[in-house]
């Protein structure tokens with residue numbers, strides 16, 4: 001009987017954890033939609049609760065604040081598994097061309113799923129000093145990753161292009177704003193963006 005009871009309790013715990021995760025996801029998705037549509041500053045926690053179909057107390061309990069929700073969205077962008085995997089493959093690739101292709105793919109995957117979060121984060125940073133600090137830290141982390149790729153490409157850079165210039169070019173071409181302009185405004189497909197990005201980087205650096 002103790003074994004049966006322990007299994008039941010473990011099952012109940014698992015169900016509670018699954019329910020809590022679903023609730024977290026619903027709140028984050030609702031906030032993401034409202035932040036993008038109405039702006040970060042104008043969105044209230046009560047509106048997020050209504051959109052998510054939960055009590056406002058639940059939003060407070062799960063995330064604490066709008067900034068807490070935004071930070072969770074940021075973490076999702078930074079730790080996106082597919083984009084991270086393509087970046088690691090890029091760093092390990094045996095040719096400069098392949099490294100650039102895989103880097104372009106990692107950027108495409110990241111922005112295809114979260115360019116809106118980057119725009120939300122920049123919007124929020126205009127009104128919240130704490131978020132500005134978080135944005136600065138996030139951008140610095142991104143630049144470190146790009147600098148590491150530029151160093152990996154160093155032996156293949158064309159004359160006159162040093163690691164610093166290469167990193168700046170990689171950073172500029174792969175900004176979320178560029179993806180948003182080409183895909184969301186100009187109507188490119190994500191595949192077309194990825195192909196363009198790889199070609200543009202290769203043309204500028206190699």
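Just one residue in the set 149, 153, 206, 197 is farther than 25 Å from residue 119 by Cβ and either buried (at least 18 other Cβ atoms within 10 Å of the Cβ) or modelled with pLDDT under 95 (or both); that residue is 153. Answer yes if at least one residue in the stretch 41-53 is closer than 19 Å to residue 172 by Cα, out of contact with any strand residue (DSSP E or B) (no Cβ under 7 Å at 6 or more places or on another chain) and surrounded by 13 or more Cβ atoms within 10 Å (Cβ to Cβ), and no otherwise. So far as the stretch 41-53 goes, no, none of its residues is closer than 19 Å to residue 172 by Cα, out of contact with any strand residue (DSSP E or B) (no Cβ under 7 Å at 6 or more places or on another chain) and surrounded by 13 or more Cβ atoms within 10 Å (Cβ to Cβ).
Of the residues making up the stretch 85-93, not a single one is farther than 30 Å from residue 157 by Cα, surrounded by 21 or more Cβ atoms within 10 Å (Cβ to Cβ) and touching a helix residue (DSSP H, G or I) at 6+ places or on another chain (Cβ under 6 Å). Within the stretch 158-184, the set of residues being crowded, with 17+ Cβ neighbours inside 10 Å, more than 20 Å from the chain's Cα centre (by Cα) and outside any helix (DSSP H, G or I) comprises 161 only. Could you grab me the full set of residues in the stretch 69-84 that are touching a helix residue (DSSP H, G or I) at 6+ places or on another chain (Cβ under 8 Å) and either farther than 18 Å from residue 191 by Cβ or surrounded by fewer than 20 Cβ atoms within 10 Å (Cβ to Cβ) (or both)? Within the stretch 69-84, 69, 70, 71, 72, 73, 74, 76, 77, 78, 80, 82, 84 qualify. Do we find that residue 144 is buried (at least 16 other Cβ atoms within 10 Å of the Cβ), in the same structural domain as residue 184 (by TED's automatic domain parsing) and either free of Cβ contacts under 8 Å to residues at least 60 places away in the same chain or under 17 Å from residue 173 (Cα atoms) (or both) in this structure? So residue 144 fails the test. Each residue in the stretch 37-62 was checked for being free of Cβ contacts under 8 Å to residues at least 24 places away in the same chain and assigned to a helix (DSSP H, G or I), and 13 of them qualify. The set of residues in the stretch 115-126 being under 11 Å from the mean Cα position of the chain (by Cα) and closer than 17 Å to residue 171 by Cα consists of 115, 118, 119.
Scanning the stretch 100-116 for residues that are surrounded by 21 or more Cβ atoms within 10 Å (Cβ to Cβ) and over 14 Å from residue 196 (Cα atoms), we see that the one that is modelled with the lowest pLDDT is 114.
Of the residues in the stretch 84-96, how many are in a helix (DSSP H, G or I) and either assigned by TED's automatic domain parsing to the domain that holds residue 49 or free of Cβ contacts under 8 Å to residues at least 24 places away in the same chain (or both)? Residues in the stretch 84-96 being in a helix (DSSP H, G or I) and either assigned by TED's automatic domain parsing to the domain that holds residue 49 or free of Cβ contacts under 8 Å to residues at least 24 places away in the same chain (or both): 6 in total.
The values are calculated or read from the model by the stated rules, or taken from the named source; none is laboratory data. For clarity, every value in this text was computed on a predicted model and none was experimentally measured. We place every Cβ from the backbone using ideal geometry, glycine too, and count neighbours over all the protein chains shown.
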